[in-house]
1. Of the residues Glu217, Glu179, Glu254, which single one is part of a helix (DSSP H, G or I), over 30 Å from Asn54 (Cβ atoms) and open to solvent by 50 Å² or more (accessible area, probe 1.4 Å)?
2. Scan the stretch 60-78 residue by residue and report those that are within 17 Å of Arg37 (Cβ to Cβ) and in contact (Cβ under 8 Å) with a residue 12 or more places away in the chain.
3. How many residues are of a type outside the set (D, E, K, R), open to solvent by less than 100 Å² (accessible area, probe 1.4 Å) and in a helix (DSSP H, G or I) when one looks only at the stretch 1-13?
4. When you scan the stretch 220-244, how many residues do you find that are open to solvent by 70 Å² or more (accessible area, probe 1.4 Å) and of a type in the set (Val, Ile, Thr)?
5. Return the total of residues in the stretch 199-248 being free of Cβ contacts under 8 Å to residues at least 12 places away in the same chain, aliphatic (A, V, I, L, M) and under 23 Å from Glu174 (Cβ atoms).
6. Restricting attention to the stretch 14-35, report how many residues are assigned to a helix (DSSP H, G or I) and either among the hydroxyl-bearing types (Ser, Thr, Tyr) or exposed (fewer than 10 other Cβ atoms within 10 Å of the Cβ) (or both).
7. Need the failing condition index for Glu43 against (1) open to solvent by less than 60 Å² (accessible area, probe 1.4 Å); (2) acidic (Asp, Glu); (3) over 29 Å from Ser140 (Cβ atoms), just the number.
8. Might you check whether a residue that is part of a helix (DSSP H, G or I), under 26 Å from Asn211 (Cα atoms) and out of contact with any Lys or Arg (no Cβ under 9 Å at 6 or more places or on another chain) occurs anywhere in the stretch 86-105?
Amino acid sequence: MHSIEEKKEAFERFLNVLDRLRKECPWDRKQTNESLRPNTIEEVFELSEALVNNDNKEICKELGDVLLHVCFYSKIGEEKGEFDIADVCDKLSEKLIFRHPHVYGEVKADDAQAVTENWEQIKLKEKDGNKSVLSGVPGSLPSLIKAYRIQDKARNVGFDWQDRKDVWKKVREEIDELEAELEAGDKDRSEKELGDFLFSVINAARLYHLNPDNALEQTNQKFISRFNYVEEKTLKQGRNLKDMTLREMDVLWEEAKKKETP
């Protein structure tokens, strides 16, 4: 691994490259906050995919792409005379120091849970911090992740199940209500009950220290792998999936499952 001096040199080299590209490259020169934003979202999703796959080579590459965007926005801010990368780093350092009084102050925190609980209270005290417990949850988050973060933040101030096993009663209650509305044929009410059911399942996952987004993505990848196997085998037979019976596809599906690593 690199020394702190080598890290400083690497970061300085990168900033010099970015400065030159901003001046001399026609594409880089025309970029704005608005034009970069969609690319930034794409880069974060690509990093997320690399993290899910635990691919360290790709993680390193995608982190570089995300860092480029952080510094690009900072460069644009510098050109506007608003802020630069030093301001970004300083504000981040100040925030981290303020939010870690158990490291930089006298507050005691013996475990991660205590740190998290202190964190929420500290953010409410910050000058430009959250005005309420849930205001720190970005409105643009994907719904599944947002539900988890909402529940987690409520937990940090004591709003949570006392016995996590009690959550299963709520899950069963919500699925019964969903089934009843589906039977009644009321689409709007069914959709609301589906939301309640999903929210309760996410709550159960959180209570048992499982990440529902990671869990669902693993299932997505598993389905993709199995379905691709079924499609490839079908094509090798000179057939089309639409021509296959469900029973024939099930046979190939079971083959795909057997080939998976336990």
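The values are calculated or read from the model by the stated rules, or taken from the named source; none is laboratory data. All of these numbers come straight from a predicted model, not from anything done at the bench. Here Cβ is always computed from backbone atoms with ideal geometry, including for glycine, and neighbour counts include all displayed protein chains. Ligands, DNA and RNA are stripped out before the accessible areas are found, and what is left, the full protein with its side chains, is counted by its heavy atoms. Shrake-Rupley method; radii C 1.70, N 1.55, O 1.52, S 1.80 Å.
1. Just a single option satisfies the conditions, and that option is Glu179.
2. Asp65, Val66, Leu67, Leu68, His69, Val70, Cys71, Phe72, Tyr73, Ser74, Lys75, Ile76
3. So the count comes out to 2.
4. 1
5. Summing the residues that are free of Cβ contacts under 8 Å to residues at least 12 places away in the same chain, aliphatic (A, V, I, L, M) and under 23 Å from Glu174 (Cβ atoms) in the stretch 199-248 gives 2.
6. 7
7. Result: Glu43 fails condition (3) only.
8. Taking the stretch 86-105 first, the residues part of a helix (DSSP H, G or I) are 86-98, 101-104.
Filter once more, keeping what is under 26 Å from Asn211 (Cα atoms): 96.
Next, from what is left, pick out any that are out of contact with any Lys or Arg (no Cβ under 9 Å at 6 or more places or on another chain): 96.
Within the stretch 86-105, one or more residues are part of a helix (DSSP H, G or I), under 26 Å from Asn211 (Cα atoms) and out of contact with any Lys or Arg (no Cβ under 9 Å at 6 or more places or on another chain).
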